[in-house]
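Following: one structure in structure tokens, then a few remarks.
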Amino acid sequence: MNIRPIRLVQGDTVGVVALSSPLKMEQLPLKLELLEKLGLRYKLGQTIAEYDGFLAGSDEERLADLHTMIADEEIKAIFCVRGGYGIGRLLDKIDYQLLQENPKIIWGFSDVTSLHLAVNQYADLVTFHGPMLSESNQPLDELSEKMFQQLFTPIEIYYDEQISKLETVVGGVARGELIGGNLNRLVSTLATKFEVDLQGKIVVLEDIHETPDRIDGMLNQLRLARKLEQAAGFVIGDFNGVTEEELLPIISHYLKPLNKPVLAGFKLGHCQPNIGLPLGVEAILDADMKVLRILPGVE
């Protein structure tokens with residue numbers, strides 16, 4: 001069983017970090033505004049305003065930021081403000097034991113998938129796949145914002161067609177730990193110490209700016225690595241930039257032969273709304289009834 005971090009209460013202090021690509025500073029006020037609206041205080045990481053080429057500061061600076069937030073007893077959650085690229089460069093340097101001894105909420109998506117997978121594997125900690133506090137220069141939509149309430153109250157997530165139209169690719173019911181996120185980042189773990197373990201898991205997949213042939217190539221790599229066949233079921237999120245007509249035949253080609261439940265159309269990823277979900281907790285995927293139920297992510 002993975003450790004569930006302690007729930008937030010209003011007045012708690014949280015950490016705000018840039019562990020990947022640099023943040024455009026005009027976007028920061030909106031992000032902090034949401035935290036204030038949630039009744040939270042915050043401490044900013046040292047690399048929030050940093051630029052080091054395509055990274056928000058050097059590897060050493062970004063790593064130090066993360067470790068500082070983990071070790072700070074006052075910090076109850078860590079929110080990533082930007083995806084892009086860069087967390088993969090830190091994975092083999094992170095002190096996972098420090099995090100296991102100081103379990104706290106970690107929230108973000110996209111490039112943060114790399115962190116979710118590693119933390120789930122090496123710190124046995126539940127983390128949260130969700131939006132980066134704002135959508136570029138826009139506040140989050142109402143539903144995305146509402147999903148932050150799961151950090152304050154242990155609630156079961158119930159995703160059905162009231163949120164978005166869902167499509168059954170393969171029917172059936174699966175039960176298992178929810179894992180995954182960005183397809184590119186999942187594939188990048190192969191043949192490393194951080195290779196993703198999909199055995200008996202319900203796998204979330206999303207991505208952005210990938211062409212149909214590249215999506216096909218990544219799924220084929222997972223197939224050749226015999227990862228897809230190990231999974232219990234698949235939750236297909238948003239593939240921003242690719243139409244449903246382009247995506248579903250590729251998904252069907254790789255996942256239908258496995259005869260595991262596959263449900264597509266989830267508003268997860270680079271889309272609005274972007275529904276926040278806990279990773280590392282038990283979930284039930286019913287592709288016939290078109291429902292995903294997930295146990296609470298906090299204690």
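Every number in this text was worked out from the coordinates using simple rules, so none of it is lab data. Since this is a predicted model, take the numbers as computed values, not measurements. Note that each Cβ is placed from the backbone with ideal geometry, even for glycine, and that neighbours are counted across all protein chains shown.
Under 10 Å, Cα contacts only: if you run a Gaussian network model on the chain, which one of 245, 206, 135 comes out with the highest mean-square fluctuation?
Among 245, 206, 135, the largest GNM mean-square fluctuation belongs to 245.
Run the quick spin-label model on residue 64 and residue 190: label points 7 Å from Cα toward the beta carbon, then report their separation in nm to one decimal.
The modelled label-to-label distance comes out at 3.7 nm.
How many angstrom lie between the Cα centre of region 184-239 and the Cα centre of region 121-138?
Measuring centre to centre over Cα atoms gives 19 Å.
So what's the convex hull volume per residue for the Cα atoms of region 13-151, in Å³?
About 92 Å³ per residue, rounded to a whole number.
Out of all DSSP beta bridges in the chain, what portion is antiparallel? Express it as a percent rounded to 5.
Around 40 percent antiparallel, to the nearest 5.
With a 10 Å Cβ neighbour count serving as the proxy for reagent exposure, in which order, fewest first, do 246, 177, 73 appear?
Ranked by crowding around the Cβ, least crowded first: 73, 246, 177.
Return the calculated 222 nm mean residue ellipticity for the chain, to the nearest 500 deg cm²/dmol, obtained by summing -39500 (n - 2.57) across DSSP H runs with n ≥ 4 and dividing by the residue count.
Helix-only estimate at 222 nm: -7000 deg cm²/dmol.
Which value in nm describes the separation of the simple spin-label points at residue 259 and residue 243, placed 7 Å from the Cα toward the beta carbon?
Here the modelled spin labels are 3.4 nm apart.
Charges only on Cβ, +1 for Lys and Arg, -1 for Asp and Glu: so what's the dipole of the chain about the Cα centre, in debye to the nearest 20?
I would put it at about 440 debye.
What FRET efficiency comes out for the pair residue 26/residue 89, r = Cβ-Cβ distance, R0 = 35 Å, nearest 0.05?
According to the calculation, E is roughly 0.85.
Tell me the Kirkwood radius of region 157-294: reciprocal of the mean inverse pair distance over distinct alpha-carbon atoms, in Å.
Kirkwood hydrodynamic radius for region 157-294: 14.7 Å.
Most mobile of 64, 232, 18 per a Gaussian network model of the chain (Cα springs, under 10 Å)?
With Cα springs under 10 Å in the chain, the top fluctuation among 64, 232, 18 is at 64.
Given R₀ = 25 Å, FRET efficiency for residue 216-residue 161 by Cβ-Cβ distance, to 0.05?
0.35
Report the full-extension gain for the segment residue 224 to residue 71: residue separation times 0.36 nm, less the Cα-Cα distance, to one decimal in nm.
Gain on extension, residue 224 to residue 71, equals 51.1 nm.
Just grab the label-to-label distance for residue 52 and residue 37, each label 7 Å out from Cα along the Cβ direction, in nm (one decimal).
Placing both labels 7 Å beyond Cα along the Cβ direction yields 3.3 nm.
Would you list 132, 1 from fewest to most Cβ contacts within 10 Å?
1, 132
If you take the square roots of the eigenvalues of the alpha-carbon gyration tensor of region 86-157 and sort them as a ≥ b ≥ c, do you get rounded (a/c under 1.5), prolate (a/b over b/c) or oblate?
Cα axes put region 86-157 in the oblate bin.
Mean-square fluctuation check for the chain, GNM, Cα pairs under 10 Å: which of 26, 229, 210 is largest?
26
May I ask what percent, to the nearest 5, of DSSP beta bridges between residues of region 125-282 are antiparallel?
The antiparallel fraction comes to roughly 35 percent.
Considering just Cα atoms, how many Å³ per residue does the convex hull of the chain enclose?
Expressed per residue, the convex hull around the Cα atoms of the chain is 114 Å³.
Run through the DSSP bridge list for region 1-149 and note the antiparallel percent, rounded to the nearest 5.
Rounded to the nearest five, the antiparallel share is 10 percent.
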